[in-house]
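Right, one structure below, let's go through it.
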Amino acid sequence: MLVAEGAEKFAHKEGFERKNMLTDRAKAHYRKRIKEMAAQAAAKELKPYSGHDTVGMVCLDGKGKMTAATSTSGLFMKKKGRVGDSPVSGSGFYADSKKGAASATGLGEDLMKGCISYEIVRLMGEGMHPQEACETAVNRLDGELRERRGEAGDISLIAMNPKGEWGAATNIEGFSFAVVTEELEPTVYLVTRGEDGRCTYEKASEEWMETYMKTRMAPIEE
Ligand code: ASP
């Protein structure tokens, strides 16, 4: 596992393009959040950790090889030096071509407590369908955290097994994910979590897709 200068040198040697990923939009978003946090009334509700958006993926190739990946942590306003779960094997992602692969998003501090991606792959290895494995691991960790300290951070996972079967589970409202297979064109699904912790999903409507894009592109009022 390479970090800091060593990782940069390696990336450079491998031909990765060096560019500034800090967009004007992200800067405006940051300035807005700083203002909101400074305003007393809002500071009570706003935590530095509200908002996360890591992109995670699991893949199965034509030769039966499985991989999992995450973007660098999408947690907004994180502390300097904080690593989080996203680059940590077993927590943010895990893949074993014989058992399956999983990838996580949510509050890293909590995801790491359950080594959640590893746990899902382990459950798939014991024969669980990816959907059951995701629900079992998410609900167990959510339950343990709530029992321990009365609350749990956001926990959302996707997984796939070597047969190409897939699943997703979450402990929040509004988790969405996308699937593409040889039979299925790229499809976005929205997850609903029932009171019993079971997660069901339905195809996102055109209207939802449009609103999603509009919100993401809307100018940020500072
Ligand atoms: N899991 C990430 C972290 O805590 C945040 C995210 O999923 O967006 O660093």
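Just one of the listed residues (Phe76, Phe93) is open to solvent by 10 Å² or more (accessible area, probe 1.4 Å), out of contact with any strand residue (DSSP E or B) (no Cβ under 8 Å at 6 or more places or on another chain) and among the aromatic types (Phe, Trp, Tyr), namely Phe76.
If you go through region 38-59 and pick out every residue that is modelled with pLDDT under 90 and open to solvent by 60 Å² or more (accessible area, probe 1.4 Å), you end up with 8.
One residue stands out in region 96-116 among those that are acidic (Asp, Glu) and either under 13 Å from the mean Cα position of the chain (by Cα) or at pLDDT below 95 (or both): the one that is most open to solvent (accessible area, probe 1.4 Å), namely Glu109. Using the structure shown, decide if Thr136 is at negative phi and touching a His at 6+ places or on another chain (Cβ under 7 Å). No, not satisfied.
Screening Leu141, Leu123 for residues that are more than 18 Å from the chain's Cα centre (by Cα), closer than 23 Å to Asp85 by Cβ and in contact (Cβ under 8 Å) with a residue 12 or more places away in the chain leaves exactly one candidate, Leu123.
The numbered conditions (1) surrounded by 14 or more Cβ atoms within 10 Å (Cβ to Cβ); (2) modelled with pLDDT under 80; (3) of a type in the set (Asp, Glu) are all true for Glu119 except (2).
When the test is whether a residue is within 19 Å of the chain's Cα centre (by Cα) and of a type in the set (Val, Ile, Thr), Thr181 does not pass it. Exactly one residue out of Ala159, Ala204 is at pLDDT 95 or above and within 20 Å of Met112 (Cβ to Cβ), and it is Ala159. Among the conditions (1) surrounded by fewer than 24 Cβ atoms within 10 Å (Cβ to Cβ); (2) more than 17 Å from Met57 (Cβ to Cβ), Glu135 misses just one, which is (1).
Which of the residues spanning region 150-163 are surrounded by fewer than 16 Cβ atoms within 10 Å (Cβ to Cβ) and over 18 Å from Gly108 (Cα atoms)? Within region 150-163, just Lys163 meets the criteria. Entry remark, region 162-198: residues being in contact with a helix residue (DSSP H, G or I) (Cβ under 8 Å, 6 or more places away or on another chain) and farther than 20 Å from Ile116 by Cβ number 2 in total.
Across region 170-221, the number of residues qualifying as among the β-branched types (Val, Ile, Thr), over 25 Å from Ala152 (Cβ atoms) and surrounded by 12 or more Cβ atoms within 10 Å (Cβ to Cβ) comes to 6.
The values are calculated or read from the model by the stated rules, or taken from the named source; none is laboratory data. Owing to the predicted nature of the structure, the values given are computational and were not obtained by experimental measurement. Note: ideal-geometry Cβ built from the backbone for every residue, glycine included; neighbour counts use all protein chains shown. The accessibility values were calculated without ligands, DNA or RNA, using every heavy atom of the protein model including side chains. Shrake-Rupley method; radii C 1.70, N 1.55, O 1.52, S 1.80 Å.
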